[in-house]
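What follows is calculated from the coordinates using simple rules that are stated; it is not laboratory data. Owing to the predicted nature of the structure, the values given are computational and were not obtained by experimental measurement. Neighbour counts are summed over all protein chains in view; Cβ atoms, including those assigned to glycine, are modelled from backbone coordinates with ideal geometry.
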Amino acid sequence: MSRSVKALFEPFTFNGLTLANRVVMAPMTRSKSPDGVPGADVAAYYRRRAENEVGLIVTEGTTINHPVSSMDVNIPNFFGPSLEGWRNVVSEVHEAGGKIMPQLWHVGMARNPSAPNAPHPELPSAGPSGLVAPGKKVSEPMSRADVQAVIDAFAKGAADARKIGFDGVEIHGAHGYLIDQFFWAGLNERTDEFGGDMLGREQLGVRVVEAIRREVGHDYPVILRFSQWKQQDYTARLASTPEELGAFLKPLSDAGVDVFHCSTRRFWEPEFEGSSLNLAGWTRKLTGKPTITVGSVGLSGEFIGSFRGESSTATGIDDLLERLDQGEFDLVAVGRALLVDPAWARKIHEGRFDELKAFKPEALATLS
Ligand SMILES: Cc1cc2nc3c(=O)[nH]c(=O)nc-3n(C[C@H](O)[C@H](O)[C@H](O)COP(=O)(O)O)c2cc1C
């Protein structure tokens, strides 16, 4: 490491929320909330990161109040008795001086009803067209009433987040889960106002943002996470050119997104030919809104590989710092490096680079 890390530890303010620095903990599912209720250990897990200079924590995906929003009974819910558990998480993180937002999630057709921990295995899955993969239909398309119920459930989740003291919300619109299943032509064959061209396919996302704004007002931070890649197809893209990306982002931005969380697997990869800007760089340039970059920060290998058993060594972050200095993006999300080491941000700040830890896939089994 040869560059100063100062840029990473400058405060950042958006929509009335001031973060102490630019380090964001990326949302990471843990399936450690029995019956969907986050307990004291979940609060302690997030508190450890807040105590160690993480500027903003985005929680693991937490599922909204809709019958098929979850795919595992141990994934935390964001309704009913789970909210008391979350209230405790918020208070622990705030006591440690941190900021925290829930990632509101509906898994859509990523749900496997025959998986051992699947909640409500008797219920059909939900997705735009009943497709579980391009061309593979397993259920009926979602009815319009069901689409509206999902919109209402996201809005209610955001209202509850505000009520119990969260600093804002992140909407999970990435990685081939429900909102992204609507975005993606590969799974969205609808012919009503929620399908067709990109403007139609993004209506679910737009209406979720609008409904959240109606519930929480304009003075509450709302982040939208989106990705080009899908877990069903790592090469899939929503936009092949900057023009297409701009056209996709504008309705979401106009609906009231404050910050775009641009999910990539390697932050250094250029998004389009002819420029070194990554997805967060292009999104910032096209929308004028702040963005979060993510993907292999501080690690040699990317995260999908880690699910296949690959290890990663700790790396320097000079390239990241240079891009941050140049204003390519505003915030930096860190996943696995913070999973294996709650003190990652503090060590970077204090220049303790030789103490940074490698990522070993065994870490996925403990997630503490
Ligand atoms: C164990 C694990 C669970 C994850 N769960 C989620 C999730 O709930 N929501 C989400 O948007 N991304 C999820 N991700 C993706 C991360 O947020 C992040 O984008 C990815 O790990 C890349 O960052 P990294 O290279 O710093 O780990 C998960 C990643 C890991 C490793």
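Annotations
- Beta bridges per DSSP with both ends in the chain, % antiparallel, nearest 5: 20
- Paramagnetic reach from D197 (point 7 Å along Cα→Cβ, amide N under 18 Å) across the range 243-261: 243-254
- Taking amide H as placed 1.01 Å from N in the peptide plane, the amide H of F166 sits under 5 Å from none that are at least 5 places away or on another chain.
- Percent of Cα pairs in the range 218-368 per distance bin of 5 Å, from zero to the largest separation: 2, 9, 17, 20, 19, 15, 11, 6, 1, 0.
- Length gained on full extension, D233 to A40, computed as 0.36 nm times the residue gap minus the Cα-Cα distance: 65.8 nm.
- Cα centroid separation - the range 294-368 against the range 54-119, whole Å: 23
- Taking a straight line from the alpha carbon of K137, these lysines sit under 24 Å away, with near neighbours fewer than eight places off in the same chain left out: K230.
- The HN-Hα couplings worked out from phi for the range 50-58 by the Karplus form 6.51 cos²θ - 1.76 cosθ + 1.60 (θ = phi - 60°) are 4, 5, 10, 6, 7, x, 9, 9, 9 Hz, whole numbers, x standing for Gly and Pro.
- Amide H contacts under 5 Å for K230, placed H, 5+ residues apart: T235, A236
- In sequence order, the range 112-128 has phi-based couplings of 10, x, 8, 5, x, 9, 5, x, 6, x, 6, 8, x, 6, 10, x, x Hz under the Karplus curve 6.51 cos²θ - 1.76 cosθ + 1.60, θ = phi - 60°, and Gly or Pro positions carry x.
- Distances between placed amide hydrogens fall under 5 Å for A314 paired with A358, F359, all partners being 5 or more residues away or on another chain.
- The relative contact order of the chain, computed from alpha carbon pairs under 8 Å that lie at least 6 residues apart in sequence, is 16 percent.
- Cross-link pairs exceeding 23 Å between alpha carbons, from the set K32/K360; K32/K289; K99/K289: K32/K289.
- Two-decimal Rg to Rh for the chain - Kirkwood Rh, Cα set: 0.94
- Gain on full stretching of the segment that runs from E122 to K285 - 0.36 nm per residue minus C-alpha separation: 54.1 nm
- Residue-wise HN-Hα coupling along the range 65-77, computed from phi with Karplus coefficients 6.51, -1.76, 1.60 (Hz; x: Gly, Pro): 7, 8, x, 10, 6, 10, 10, 7, 5, 9, 7, x, 8
- Point-charge dipole on Cβ atoms (K/R +1, D/E -1) for the range 6-366, about Cα centre, debye to 20: 320
- Applying the criteria of a DSSP loop state and at most 11 other Cβ atoms within 10 Å to the chymotrypsin sites (Phe, Trp or Tyr not before Pro) of the range 69-101 yields no site.
- Gain on full extension, evaluated as 0.36 nm per residue between E95 and R265 minus their Cα-Cα distance, stands at 58.0 nm.
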